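Just so it is clear, none of the values below were taken in a lab; they were calculated from the coordinates. This one's a predicted model, so the numbers in the text were calculated from it and none came from an experiment. Backbone-built Cβ (ideal geometry, glycine too); neighbour counts: all protein chains shown.
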Amino acid sequence: MDQAAAMRENKKDETVSAARRKRRTGDVRVIAVTSGKGGVGKTNITVNFAYLLAKMGKKALLLDADAGLANIDVILGIAPQFNLCHLLRGEKTLSDIIVEGPGGIRILPSASGIQEMAELSKGHKLTLLDELEGLDEDIDFMLIDTAAGITGNVLYFNMAAKEVIVVVSTEPTSLTDAYALIKILYQGYRTQRFMLIVNMAKDASEARGVYQRLNNATNHFLGFPIEYLGHIPHDQNVAKAVKSQKLLAEKFPDSKATKQMSEIVEKLCRKGPDEYENGTIKFFDRSVVGSNGQ
Ligand SMILES: Nc1ncnc2c1ncn2[C@@H]1O[C@H](COP(=O)(O)OP(=O)(O)O)[C@@H](O)[C@H]1O
Ligand SMILES: [Mg+2]
């Protein structure tokens, strides 16, 4: 038995800690941040949200699930020694690979450009679930930064998470791609709870127009509405922060984009778990492993 497997065996014998119990009873909000089109700001939003949650006293774990092209580490200017790859190969446990980011956020780093990560197998997904459920850390929020598009991994993380935030920009292509993703998640997996963020908007009214267009389409063609979380304005401080590999919310706390992000995060926190699920929430939905044929 290798070291990681032995460690897992030991864990099984331990009594269930409060942190694990919390996850089993569903008191952890698991939110996937996703988009149809790439480059709409998912990674920036997810990382800054985790930081803002931490500022509000909530413990956030960030999962870099853009397994083919990970970049949370690049945005934060950190170089984690281990990543998801080591976990899935059984070489390390989850606690070995989690690193601490700004404001005390916990980050589960991924690896860029590794083929086996781009399409996780059923075995990999189960390993990840086992590790997440067994993790001995007290967390309130798990934010999942997914890849763009409609690949198996993206669909998987969106199905497994209990809440899905869809990010769009104001470009028509980002809207049509978002609609395509929502349609697939609904028709294939009956996901019906989508929250929208319009990023890089000129102002609130432009953003609301974008939301209304998408909401009209889901109402009309799929028969359900999507929820509007809010907008983040186009703000050159975002690009400046990315270039300097610092977090926007940390480097430019008074910027327009940070202020809007804070508002959205506060809104998210106000939504109690009861509002988004019927009391049968599990930490991560195990039943979806393999349901997309993998
Ligand atoms: N609100 C914003 N204002 C200006 N530029 C932004 C904004 N959000 C994102 N960007 C730009 O878009 C780029 C892509 O963002 P990123 O978070 O990496 O997108 P994704 O994860 O969806 O591919 C960033 O590097 C940044 O330059
Ligand atoms: Mg990204």
Amide hydrogen neighbours beyond the local backbone of residue 30, cut-off 5 Å, H modeled
142, 162, 163
Which of 121, 110, 255 has the fewest Cβ neighbours within 10 Å, and the rest in rising order
121, 255, 110
Once phi is turned into ³J(HN,Hα) by the Karplus curve 6.51 cos²θ - 1.76 cosθ + 1.60 with θ = phi - 60°, what whole-Hz value does each residue of the stretch 160-176 show in order, with x for glycine and proline?
6, 6, 7, 10, 10, 9, 9, 9, 10, 9, 8, 6, x, 5, 5, 6, 5
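For the stretch 28-272, rounded, prolate or oblate, judged on the Cα gyration tensor with a ≥ b ≥ c (square roots of eigenvalues), a/c < 1.5 rounded, else prolate if a/b > b/c? Can you show the working numbers first?
Values: a/c = 1.67, a/b = 1.21, b/c = 1.38.
Verdict is oblate for the stretch 28-272.
Starting with the fewest neighbours, write out 269, 85 ranked by other beta-carbon atoms found within 10 Å of each beta-carbon.
On the way: 269 16, 85 19.
Ordered by Cβ neighbours within 10 Å, fewest first: 269, 85.
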With a 10 Å Cβ neighbour count serving as the proxy for reagent exposure, in which order, fewest first, do 205, 95, 169, 174 appear?
205, 95, 169, 174
Derived scalar couplings ³J(HN,Hα) [the stretch 95-101; Karplus, 6.51 cos²θ - 1.76 cosθ + 1.60; whole Hz; x for Gly, Pro]:
5, 5, 9, 5, 10, 9, x
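Which whole-number percent is the relative contact order of the stretch 28-272 (Cα, under 8 Å, 6+ apart)? Walk me through the numbers on the way to the answer.
Details: 453 pairs, mean separation 62.4, N = 245.
About 25 percent, as a whole number.
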